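Every read-out reported here was derived from the displayed coordinates using simple, explicitly stated rules and does not represent laboratory data. Because the structure is a prediction, the values reported are computed rather than measured. Cβ placement follows ideal geometry from the backbone for every residue including glycine, while neighbour counts extend to all protein chains displayed.
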Amino acid sequence: MRKAIIFGLVVAALFLIACTTQINSRPLSEGEKLFRSKCASCHRLPDPVSRDAKQWEDVLAKHEKRARLTPEAKRLILTHLQGAEN
C-alpha cells in the first residue's frame, strides 16, 4: 500500500512538471515576431534558411510597401532572416 501511494505521488509530480514545462521556451526576437505577423498575414511562412542574405533583401524590397514595413521593421526582419543562416 505504501509503495502504491509513493508511486502515485511520483506520477502526479511528474505530470505537474510536464504540464508546466514549455516545449519551446526560447523568447522570440522582435524581428521574428514581425516576420511571423507580417508575412503570415498573406501566406505561409517561408523557411528562413530557404534563401541567402541577398535573396532576403530582394524579397523584403518587393514586399515592403504591401506589408507596410517601416524601415526599422524591415531591418529587424532582415536581421532575423539573415541570422537564421548561421
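Among the trypsin sites (Lys or Arg not before Pro) within region 44-86, those in coil by DSSP and having at most 16 neighbouring Cβ atoms inside 10 Å are ARG44, LYS65, ARG66, ARG68. Let me know the shape class of region 26-83, please: from the alpha-carbon gyration tensor, a ≥ b ≥ c as square roots of the eigenvalues, rounded when a/c is under 1.5, otherwise prolate if a/b is greater than b/c, or oblate. Taking the square roots of the gyration eigenvalues as a ≥ b ≥ c, region 26-83 is rounded.
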